[in-house]
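Structure, as structure tokens:
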Amino acid sequence: MPVQELFGQPLKAVNVGLESFAVSLEDQGIAVAHVDWRPPLEGYVELTHTRSGVDIESVNIGAIERICKGRPLLVGMGIARDVIPGMGERMILHAGPPIGWDRMCGPMRGAVMGAAVYEGWAANYTEAAEMAAAGAFEFDPCHHHHAVGPMAGIISPSMPVFMVRNETFGNVTYATQNEGLGKVLRYGAYGDAVLAHLKWMEQDLYPALVRALKLTGPIDLRSLIAQALHMGDEVHNRNRAATSLLFRQLAPAILQTSSNEIALKVLKFIDSNDHFFLNLSMPAVKSMLEVAEGTEGCTLLTVMARNGTDFGIRVASMPDRWFIAPAPIVQGLWLPGFSEKDANPDIGDSAITETGGVGGFAMAAAPAIVKFVGGDSSLALSVTQEMYQITAGEHEFFTAPVLNFRGTPLGIDVRKVMATGILPFINTGIAHKEPGVGMVGAGLVRAPKKCFEDAFKALRELAYQ
Amino acid sequence: MITKTAIKSGEYYDSVTLLQVAQGLLELTGVKDAAVVMGTPANKGLLETGNLLTPEAEAASPDDLIIAVRAVDATAAAAALTEAEALMKASRQAPAGSSGMAAPPKTVAAAVERLGGAANIVLISVAGRYAAGVAREALQRGLHVFLFSDNVAVEDEIALKTLAREKGLLVMGPDAGTAIINNVALGFANVVPHGPVGVVAASGTGLQAVTCYMPREEVGITQAIGVGGRDLKSEVGGIMMLEGLRALQADPATHVILLVSKPPSPDVAEKVLAQVRLSTKPTVVLFLGGDPAVIAQSGAIPAADMEEAAAVAAAVALGKNPADARINLRQREMSYKKRAAELRKRLAPGQRYFRGLFSGGTFCYETQLILRDMGIVVQSNAPVAKQLRMVDSNKSVGHVAVDLGEDEFTVGRLHPMIDPTLRNRRIVQEAKDPETAVIFLDVVIGYGSHEDPAGEAVKAIKEAQAVARGDGREVVFVASVCGTADDPQDLSTQEAKLEAAGVMVLPTNAAATRLAGHILDFGKG
């Protein structure tokens, strides 16, 4: 607004700094918005173009459009060794950035031990640990194989996996079937009961689902997630509505294609596991985000993932690099008998949901989630509102009714995180730090700032070298 | 005695909140000293000076928050650290009943959105090293900027003002304490009625003074644009003084223009006066301490001090002869001579010196110039000539004018316009000196200032009077209040408080200075 237009116009002021200045303006009857300002992160400078002159802002907006165009469909299932690209014979995929046995946290080690016995590579858990320590297994991040896994995120060759195809772009992503809550492999629990359950999932659940999916045809996960957001889910820690919607789609086909005995067991299992859909929301969002990978000049995150030791992020324009920092401790609600001192640092690939505009970023759509992660319902709203300030855009299909159906904040821009000092929020489950115990709570955590400072430094080097 | 430090990584609070927390800690029993600062090199220097720099504090990064306390024992120190956290937490607490929908915006973009996308100005008072970045974002969004922050690099100032000029926007500052836009007070400013005079000023208190003097002449203002003390230096080249001047020249509501600054560098003065010539609007120019002849040559009306500048501008606005305004002021000064002679009689032999304790930098400067012209040589921590610099600004020798708003007094504490503690202490200290004849004060009211600065000063004045009387002396107090009837503190209420305490209260700083000067005119007495 030119100076001449300012003169005589009612002032509408933004105040950054001393709050008393805002109070003085209010006292004079002036509309003022006071900014709860914090300094930029270390090393921030303005970054608008790449070295070759690419306008970063327009590249980012283009990436957002492509992400939203993606249409993830559940197209079928397969065995990991047969379908996951690059899956080796003695390979174990895990959550988060790369890590070896020596630095693995307790729950991830527990899950690895469980998987080794499950695969028949080790006779017992002690032997499994010894073999792992001796380098008998090859470890690789799920994210290096178009896969995602919640918590420990362990995928071994014999495990059945969902196959999610991004119909618009053709890329396929993978995730295992969700085991439910309690003593489960992904939380680092192992033992005969855990393995027996995995075997049941392999031998009964998986074939039943394969048969049903043949009948139903591909299931549109983007549409299902969009509906679930209007039913109080954010599809990270609240999947109750999405699981129910999926149940509605699958139940007739399961009944039609399985024996009564198996159908009853399978339907009871899905019905009793509120998190069943998590292992579909994750690969769905992953498949949408993947299309931004390799976009020159793009400063948006395509991955946030944790292995329980390190927290890692990946940036669209540098798709092969990880920027890591120690995984933070999650604050939240504790299951009876547990406390912060039992907690393992943040773990799991499930932060892919936040990266893709759901999960913590869509908490405004899921106020009931605070009963799981702590806080009051206003927290759910304010988390989403805060995240708009670090994203490049809003989701075209995922919307929050309480915000008048505004699209959820989508596309975490490293530049905006740096400029505002606002770190992405993640809501998440908490594993016990010892192997074999399982879940101890759930809560909220922010991504560590070092990841962003390092990624930004690399972006600047790319831009200015 | 024990020194303890707590480091909070990634915590950020504004400087006023931190100073208030530190103040809260000092009030605890057993706490001898406390500082709550961000871990910048400058702040570490401050901690070192106060013997509060522990190895932990030394290792802190600029975005770490350092809480440092020195206490009588470990228990008191630990209690203080706990209290610090409680105080900081309380400062963040959202008002009761607020919902998440009202969660405060954390960026300029989000705040603009909150205002329905229709903001037009951004006030910035974050630490200097961050201020330029926020200002740039505001300009890029097409918003005018009021930049209160100091310690902004001059390169940033030039870049910001150049960008603003391209976009037809104002950057008021950096280090601009004051502006009045559409009769709304921004920062440290006063409630001044609407009228025909537009002001552009390079100094904060200079702008406050002339705008406050105007209503006493029955005249109001259109706009008062503060451009920051560095604007008229060669490096910046008067970019915003020129932009402000052009805007007022083009503004149909402005009939008379008043420019206030210390003497600019000659090249900048030439540019400004050349721009003055381009308009037919009468323009009063005050280059405080500069040569009036150059101004007169350009067709502008020169003024010698802030009182005269306001009076002349008002006279022109009212269609009166500015020469008459000057004559009125001279006549008023004659009456001060008689009053001064009476007051001088109260002084004991040996009470010879002027002790000016200022909260406004331009008042301090103006007083030195006027006294110099009256033949009284005054030393200062912000002197009008290098050789007049005080050896130690904490110790008055001879005639002195101390600017308590200078960095040496404000690092790690609030400005004297907000926190009267330091000046109050100094008032009593000066009264103990048998050579002190006049204690001279500026009292600045309006938005931003303390809610009752006169009341606070009176507490110290009474104590000072008791001290002097105890020694068989009488100290003469002279003051002026910079403010208006519409300010929250109310001008006449503030003046009355001072008068009730026996203070000689004059309408302007210049008038008060002349009275004080005449009191000290022992030669003819």
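The values are calculated or read from the model by the stated rules, or taken from the named source; none is laboratory data. None of the values given here were measured: they were computed from a predicted structure. Here the Cβ is made from the backbone with ideal geometry for all residues, glycine too, and neighbour counts use every protein chain on show.
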Checking B:Ser393 against (1) among the hydroxyl-bearing types (Ser, Thr, Tyr); (2) in contact with a Phe, Trp or Tyr (Cβ under 8 Å, 6 or more places away or on another chain); (3) not in a loop (DSSP other than H, G, I, E, B), the condition it does not meet: (3)
Selected residue (criterion: farthest from B:Leu515 (Cα to Cα)) from residues of the stretch B:319-363 that are free of Cβ contacts under 8 Å to residues at least 12 places away in the same chain and among the hydrophobic types (A, V, I, L, M, F, W, C): B:Ala323
Test: residue in the stretch A:435-449 that is more than 14 Å from chain B (Cβ to nearest Cβ), at positive phi and either of a type in the set (Val, Ile, Thr) or assigned to a loop (DSSP other than H, G, I, E, B) (or both): yes
Any hit, the stretch A:55-74, residues being within 14 Å of chain B (Cβ to nearest Cβ), part of a loop (DSSP other than H, G, I, E, B) and closer than 24 Å to B:Pro105 by Cα: no
Residue list for the stretch A:1-39, restricted to those being at the interface with chain B (Cβ under 7 Å from one of its Cβ atoms), outside any strand (DSSP E or B), in contact with a His (Cβ under 8 Å, 6 or more places away or on another chain) and buried (at least 20 other Cβ atoms within 10 Å of the Cβ): A:Val3, A:Leu6
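Conditions (1) out of contact with any strand residue (DSSP E or B) (no Cβ under 9 Å at 6 or more places or on another chain); (2) farther than 30 Å from A:Pro2 by Cβ; (3) more than 9 Å from every other protein chain (Cβ to nearest Cβ); (4) part of a loop (DSSP other than H, G, I, E, B), marked per residue:
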| site | (1), (2), (3), (4) |
| --- | --- |
| B:Lys44 | no, yes, yes, no |
| B:Glu48 | yes, yes, yes, no |
| B:Leu52 | no, yes, yes, yes |
| B:Ile67 | no, yes, yes, no |
| B:Met88 | no, yes, yes, no |
| B:Gly116 | no, no, no, yes |
| B:Ala119 | no, no, no, yes |
| B:Gly133 | yes, no, no, no |
| B:Val152 | yes, no, yes, yes |
Verdict on B:Ala159 being assigned by TED's automatic domain parsing to the domain that holds B:Ala209, in a loop (DSSP other than H, G, I, E, B) and more than 21 Å from A:Gly421 (Cα to Cα): no
Unique match (being among the aliphatic types (A, V, I, L, M), under 20 Å from B:Glu435 (Cβ atoms) and part of a loop (DSSP other than H, G, I, E, B)) among B:Leu347, B:Leu357, B:Leu343, B:Leu371: B:Leu347
Failed item, numbered, when A:Phe323 is tested on (1) crowded, with 18+ Cβ neighbours inside 10 Å; (2) outside the structural domain of A:Glu354 (by TED's automatic domain parsing): (2)
Single unsatisfied condition, A:Thr48 versus (1) crowded, with 20+ Cβ neighbours inside 10 Å; (2) within 14 Å of another protein chain (Cβ to nearest Cβ); (3) within 28 Å of A:Val285 (Cα to Cα): (1)
Residue match in the stretch B:298-308 (condition: within 20 Å of B:His144 (Cβ to Cβ), surrounded by 21 or more Cβ atoms within 10 Å (Cβ to Cβ) and in contact with a Gly (Cβ under 7 Å, 6 or more places away or on another chain)): no
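For (1) more than 11 Å from chain B (Cβ to nearest Cβ); (2) at pLDDT 95 or above; (3) part of a loop (DSSP other than H, G, I, E, B), each residue gets a yes or a no:
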residue	(1), (2), (3)
A:Gly312	yes, yes, no
A:Phe361	yes, yes, no
A:Lys371	yes, no, no
A:Glu386	no, no, no
A:Thr399	yes, yes, no
A:Val402	no, no, no
A:Gly411	yes, yes, no
Members of the stretch A:225-240 found to be assigned to a helix (DSSP H, G or I) and crowded, with 24+ Cβ neighbours inside 10 Å, listed by number: A:Ile225, A:Ala228, A:Leu229
Failed item in (1) within 14 Å of chain A (Cβ to nearest Cβ); (2) crowded, with 24+ Cβ neighbours inside 10 Å; (3) in contact (Cβ under 8 Å) with a residue 40 or more places away in the chain; (4) not in a loop (DSSP other than H, G, I, E, B), with B:Thr222 passing the rest: (3)
Per-region count, the stretch B:206-226, residues of a type outside the set (S, T, N, Q) and within 10 Å of B:Ala310 (Cα to Cα): 9
Top-ranked residue in the stretch B:247-262 [being among the β-branched types (Val, Ile, Thr) and closer than 14 Å to A:Phe7 by Cβ; ranked as nearest to the other protein chains (Cβ to nearest Cβ)]: B:Thr254
Criterion (of a type outside the set (A, V, I, L, M), buried (at least 20 other Cβ atoms within 10 Å of the Cβ) and closer than 30 Å to B:Gly228 by Cβ) met by exactly one of B:Arg413, B:Arg423, B:Arg389, B:Arg372: B:Arg423
